[in-house]
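**Student:** I am attaching a structure below and will ask some questions about it afterwards.
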Amino acid sequence: MVVVRDGADGTPAVIRNDPLLDDGTPMPTRFWLVDPDVNRRIGTLESAGGVRTAEAEVDADELAHAHRRYAAERDAALPAGHTGPAPSGGVGGTRTGVKCLHTHYAWWLAGGDDPVGAWVHDHLAG
């Protein structure tokens, strides 16, 4: 489901995935960045060491809380009575730290309280 659209032309920017694929496979990445330009810009940021820099600059406790909030939101969308495998971890399945700036930014754009997403936003704007 499209949850964020580009303000200029309305094209999809972020989609929200169900926590389980149609075959029941867990899907830890709840929010997916689909805007090709923003994906490219974040890829450039990542290739310049952005993951390590974000992890060093974002407060570790705030990040841990963000992972828990993300997991709680995702897990709340599991079907009632679900007993099979379930997604784990926080943002994009990460248990600690930062794995992918794209997933953090996608969740932040979708309204998630994510300090890494805010960090990405600041670095893309600067």
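Values quoted throughout were computed directly from the atomic coordinates according to the rules given, and no laboratory measurement underlies them. Keep in mind the model is a prediction, meaning the values are calculated, not measured. For neighbour counting, all protein chains shown are included, and Cβ atoms are generated from backbone atoms with ideal geometry for every residue, glycine included.
**Student:** To the nearest 10 degrees, how steeply does helix 115-125 sit against the main Cα axis of the chain, on a 0 to 90 scale?
**Tutor:** It works out to around 40 degrees.
**Student:** In debye, nearest 20: dipole of the chain around its Cα centre with unit charges on the Cβ of K, R (+) and D, E (-)? Write out the running numbers ahead of the final one.
**Tutor:** Details: 11 positive and 18 negative charges, 43 e Å.
It works out to roughly 200 debye.
**Student:** Excluding Thr11 itself, calculate the net charge of residues whose Cβ lies under 9 Å from the Cβ of Thr11, where each Lys or Arg counts +1 and each Asp or Glu counts -1. Write down the numbers at each step before the final one.
**Tutor:** Values: positive: Arg5; negative: Asp6, Asp9, Asp35.
Within the 9 Å Cβ shell, the charges total -2.
**Student:** Based on other C-beta atoms within 10 Å, arrange His123, His102, His65 from fewest to most.
**Tutor:** Numbers: His123 18, His102 21, His65 15.
Exposure proxy ranking, most exposed first: His65, His123, His102.
**Student:** Restricting things to alpha carbons, tell me how big segment 83-126 is in terms of Rg and Dmax, in Å.
**Tutor:** Computed over the Cα atoms of segment 83-126, radius of gyration and Dmax are 11.9, 46 Å.
**Student:** Something else about it: How large is the helix-only mean residue ellipticity at 222 nm for the chain, computed as the sum of -39500 (n - 2.57) over DSSP H runs with n ≥ 4, divided by its residue count, in deg cm²/dmol to the nearest 500? It would help to have the intermediate numbers written out before the result.
**Tutor:** Values: 5 runs with 57 residues, N = 126.
My calculation for the chain gives -14000 deg cm²/dmol from helical runs alone.
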